[in-house]
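*Asks:* Provided herewith is a single structure, encoded as structure tokens, for subsequent inquiry.
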Amino acid sequence: HGSSVRARALCHEFAGLARFLEVHDPAIDNDLFAKHPDMHPYRALVCRPGGLSAVLASGVFLTDCEQAPKALLFELLYRRTVRLPSQVDEARTRAELLEPLWRARADAADKPFWWLLRSSLEVVASSLGRHKFA
């Protein structure tokens, strides 16, 4: 099976960045679908005879990797070179930046250009001042 050979090669080259699936993988049910139960409806799409799919740590999956590998290679190279934020940093960004901006947008639903309102700009300025990120 060509897809299983490709899956093993990708596992070796990009260990820990994604799980590579082909239909004959016996650990799919026990491991992967237990970890990502929301993927069950997509099982037939992810596990296809002769097909190769990848599941990233977040549960995002890419299919048809045997036919169009560019998206998969981009994701893998990105994850290997860029340090993703920790869960603590993600939670802080959500609480201090995203949620206040979502509230500002909801509060100004009747106004165009909500992102230019003082309240929105203060949230962004605060984030830039504290974390150099917005």
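The values are calculated or read from the model by the stated rules, or taken from the named source; none is laboratory data. Not measured: the values here are computed from a predicted model. Glycine also receives a Cβ, built like all others from the backbone with ideal geometry; neighbour counts cover every protein chain displayed. Ligands, DNA and RNA are stripped out before the accessible areas are found, and what is left, the full protein with its side chains, is counted by its heavy atoms. Shrake-Rupley method; radii C 1.70, N 1.55, O 1.52, S 1.80 Å.
*Asks:* Cα convex hull of region 77-134: mean projected area in nm², to one decimal?
*Replies:* With every direction weighted equally, the projected area is 4.9 nm².
*Asks:* Could you tell me the relative contact order of the chain? Use alpha-carbon pairs under 8 Å, at least six residues apart, and round to a whole percent. List each step's numbers first, then the result.
*Replies:* Working: 118 pairs, mean separation 23.5, N = 134.
Computed over the chain, the figure is 18 percent.
*Asks:* Let's see if you can work this out: charge +1 on each Lys and Arg Cβ, -1 on each Asp and Glu Cβ, no other charges. What is the dipole magnitude of region 75-123 about its Cα centre, in debye to the nearest 20?
*Replies:* 160
*Asks:* Would you mind getting the accessible area per residue of the chain, heavy atoms of the protein chains only, 1.4 Å probe, in Å²?
*Replies:* Per-residue value: 68 Å².
*Asks:* Another question, then. List the extent of the Cα atoms of the chain along each of their three principal axes, largest first, rounded to whole Å.
*Replies:* 60, 30, 27
*Asks:* Calculate what fraction, in whole %, of the accessible area of the chain sits on carbon and sulfur atoms when a 1.4 Å probe is rolled over the protein chains.
*Replies:* Within the chain, the accessible surface is 59 percent carbon and sulfur.
*Asks:* Putting +1 on Lys and Arg Cβ atoms and -1 on Asp and Glu Cβ atoms, find which of 37, 56, 127 reaches farthest to the positive end of the dipole of the chain.
*Replies:* Of the options given, the answer is 127.
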